[in-house]
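Let me begin by presenting the structure, written as structure tokens, before commenting on it.
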Amino acid sequence: MTKLRNRHIRSLLVLCAAAVLLAVGSTVAFFSSRDESTNRFSSGGFDILLTETDWDPNAARNVVPGDELPKNPQVTNNAPTPGYIFFRVTVPADTLKVENDLGAPLGTASQVPMYKFMVRDGEGYAADTSYSAAQRVRSAWKSVGSPVYSASDKAYVYVYAYTAGGSSLTPLAEGQTTEPLFDRLRVWNFNEGYDPEQNHSVLVEAFGIQADLPDHTAEQIAAIWTLASGGGAG
């Protein structure tokens with residue numbers, strides 16, 4: 001490894017003002033960057049920007065089951081170094097009473113995400129309709145493992161890698177922007193049995209790491225995610 005790659009870069013986590021979450025720091029051994037919501041920071045040698053051009057925070061107030069909220073997270077590489085891009089999305093979930101679209105009770109369903117991702121489908125939008133952790137994302141993104149449920153946080157954690165529709169990571173060049181991960185959020189059909197004190201925020205985090213990695217190829221998605229995130233999916 002070169003002297004440049006041996007230099008440790010400290011990544012500072014910048015939190016969206018609407019998210020009540022713990023701020024942490026991490027140290028990684030490669031040029032990397034991390035961004036969440038629409039906040040931006042640079043780790044010196046690598047710089048990414050997460051934007052949501054359709055997001056309107058006012059639309060997220062007083063939502064009811066069945067509402068669809070425009071939200072299209074995407075990442076731009078502002079560094080001269082091509083990079084691999086990842087998203088980590090935390091979606092609140094709980095053991096709650098749910099209803100189908102006709103209002104018929106389904107009984108108690110375990111660990112159902114409170115929001116489903118929606119993607120463009122012809123002239124409209126489509127979401128996964130199962131009462132499970134499954135989500136739909138744009139074809140440019142590949143899931144990194146299965147979603148992880150945190151019982152303590154009552155939330156699912158999803159990780160996706162930018163592959164541009166292929167089976168391996170696609171480097172994002174300077175000035176390029178990814179496709180959105182998804183286009184909208186659908187509020188799932190929970191009845192009055194949900195806990196109003198529960199945190200209902202959806203946290204979107206973007207991670208980038210230089211594509212020129214020694215001893216790693218673009219097919220090693222899980223291993224590169226571990227490097228980019230500083231440790232893994234949690």
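The values are calculated or read from the model by the stated rules, or taken from the named source; none is laboratory data. Predicted, not measured: the structure shown is a model, and the values here were computed from it. Glycine also receives a Cβ, built like all others from the backbone with ideal geometry; neighbour counts cover every protein chain displayed.
I want to confirm something. Restricting to the range 199-222 and keeping residues that are closer than 23 Å to Y115 by Cβ and part of a loop (DSSP other than H, G, I, E, B), which single residue is modelled with the lowest pLDDT? So the residue we want is N199. The lone criterion from (1) assigned to a helix (DSSP H, G or I); (2) aromatic (F, W, Y); (3) at pLDDT below 90 left unmet by W225 is number (3). Counting only strands (runs of 3 or more DSSP E) that fall entirely inside the range 112-153 and contain at least 3 residues that are closer than 20 Å to D183 by Cβ and among the hydroxyl-bearing types (S, T, Y), no element qualifies.
Residues in the range 57-75 that are among the β-branched types (V, I, T) and under 16 Å from the mean Cα position of the chain (by Cα): 1 in all. For the range 136-146, the criterion of being modelled with pLDDT under 95 and more than 14 Å from the chain's Cα centre (by Cα) is satisfied by no residue at all. Would you confirm whether or not the range 69-88 contains a residue that is of a type outside the set (A, V, I, L, M) and modelled with pLDDT under 55? No, the range 69-88 contains no residue that is of a type outside the set (A, V, I, L, M) and modelled with pLDDT under 55.
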